[in-house]
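Right, one structure below, let's go through it.
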Amino acid sequence: MALNTKIENRMPGCYVIKFIGRLDGTTYEDFDAKITSLLIPETKTIMFDMTNLDYISSMGLRIVLKVRKFVDGNGGSVHMINMQPQIEKVFKIANMLHGMTIFRSIKEADDYFDTVQKNVLYALC
């Protein structure tokens with residue numbers, strides 16, 4: 001099965017990446033080529049929407065870890081949205097959820113980021 005991805009630019013430096021299919025040994029190279037263009041210092045937030053991700057292999061985990069290291073290293077953050085139970089289990093086994101925020105939906109993530117930004121603005125007043 002193939003992997004289809006949709007990359008949505010939510011605002012400058014903030015992207016939602018939606019997966020459909022499997023991120024595995026046969027699909028990771030294409031995804032790596034797509035995601036590499038986002039790995040620039042201006043990218044501060046990447047949200048992986050895993051609603052339709054059916055399977056992830058160690059090669060898929062490797063790509064997610066690559067993205068996380070880069071974004072975290074530039075002062076940004078990576079978040080997971082709607083992880084399917086089997087995908088979450090793989091991340092837990094690999095101990096890759098530490099320090100990551102997991103949201104149930106894009107709306108929940110948007111609400112969270114809206115609140116964070118409002119709190120920062122209020123603190124400046």
Check whether at least one residue in segment 108-118 is touching a His at 6+ places or on another chain (Cβ under 7 Å) and part of a helix (DSSP H, G or I), and report yes or no.
-> yes
Residues in segment 46-63 that are β-branched (Val, Ile, Thr) and in contact (Cβ under 8 Å) with a residue 40 or more places away in the chain: how many?
-> 1
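So which of 83, 96 is out of contact with any His (no Cβ under 6 Å at 6 or more places or on another chain), surrounded by fewer than 19 Cβ atoms within 10 Å (Cβ to Cβ) and not in a strand (DSSP E or B)?
The match here is 96.
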Within segment 16-30, of all residues that are touching a Leu at 6+ places or on another chain (Cβ under 6 Å) and under 20 Å from residue 79 (Cβ atoms), the one surrounded by the fewest Cβ atoms within 10 Å (Cβ to Cβ) is 19
Contact list, first residue from segment 17-41 and without any contact (Cβ under 8 Å) to a residue 40 or more places away in the chain and over 15 Å from residue 71 (Cβ atoms), second anywhere and loosely packed, with under 13 Cβ neighbours inside 10 Å and among the acidic types (Asp, Glu), beta-carbon distance below 9 Å, six or more apart or interchain, is 18/8
Restricted to segment 77-125 and to residues being under 16 Å from the mean Cα position of the chain (by Cα) and modelled with pLDDT under 75, the residue nearest to residue 9 (Cα to Cα) is 113
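The values are calculated or read from the model by the stated rules, or taken from the named source; none is laboratory data. Keep in mind the model is a prediction, meaning the values are calculated, not measured. As a convention, Cβ positions derive from the backbone with ideal geometry for all residues, glycine included, and neighbour counts pool all protein chains shown.
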